[in-house]
1. Take the range 32-60 and flag every residue that is touching a residue at least 40 places away in the same chain (Cβ under 8 Å) and either hydroxyl-bearing (Ser, Thr, Tyr) or in contact with a Pro (Cβ under 6 Å, 6 or more places away or on another chain) (or both).
2. Starting from the range 6-31, take each residue that is aromatic (Phe, Trp, Tyr) and list its partners that are surrounded by 19 or more Cβ atoms within 10 Å (Cβ to Cβ), counting only C-beta distances under 6 angstrom and pairs at least six apart or across chains.
3. What are the residue pairs meeting all of these: first residue in the range 61-75, first residue modelled with pLDDT of 75 or more, second residue loosely packed, with under 10 Cβ neighbours inside 10 Å and outside any loop (DSSP other than H, G, I, E, B), Cβ atoms under 9 Å, and 6 or more apart or on different chains?
Amino acid sequence: MSRKDNFLAAPHEGGWAVRQQGSSHVASVHTTQSAAWSETRRRARGTGGEALLQGKDGKIRTRNTYGSDPYPPKG
């Protein structure tokens, strides 16, 4: 079974940081939110995990799931 990691793009003192969810280690820092979000999605796609975008207020604004979603929407 492959490992699924979630990645988070969040405000950071140097711009926007990308890190693995649950880790305090910053994987990369970007000057724009757009660049950080692109990197977050790329990393999540690579592991089949989830990409999360945190707003400046601390709330999750957007999330994208890659791979098998255990709770797909009814439709």
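1. Of everything in the range 32-60, those that are touching a residue at least 40 places away in the same chain (Cβ under 8 Å) and either hydroxyl-bearing (Ser, Thr, Tyr) or in contact with a Pro (Cβ under 6 Å, 6 or more places away or on another chain) (or both) turn out to be Thr47, Lys56.
2. Every condition considered, the pairs that remain are Phe7/Thr40; Phe7/Arg43; Phe7/Ala44; Phe7/Ala51; Trp16/Ala9; Trp16/His30; Trp16/Ala36.
3. Going by the 9 Å Cβ cut-off, there are no qualifying pairs.
The values are calculated or read from the model by the stated rules, or taken from the named source; none is laboratory data. What you see is a predicted model; the values in this text were computed from it and never measured. Don't worry about glycine lacking a Cβ; one is built from the backbone with ideal geometry, like all the others, and counts go over all protein chains shown.
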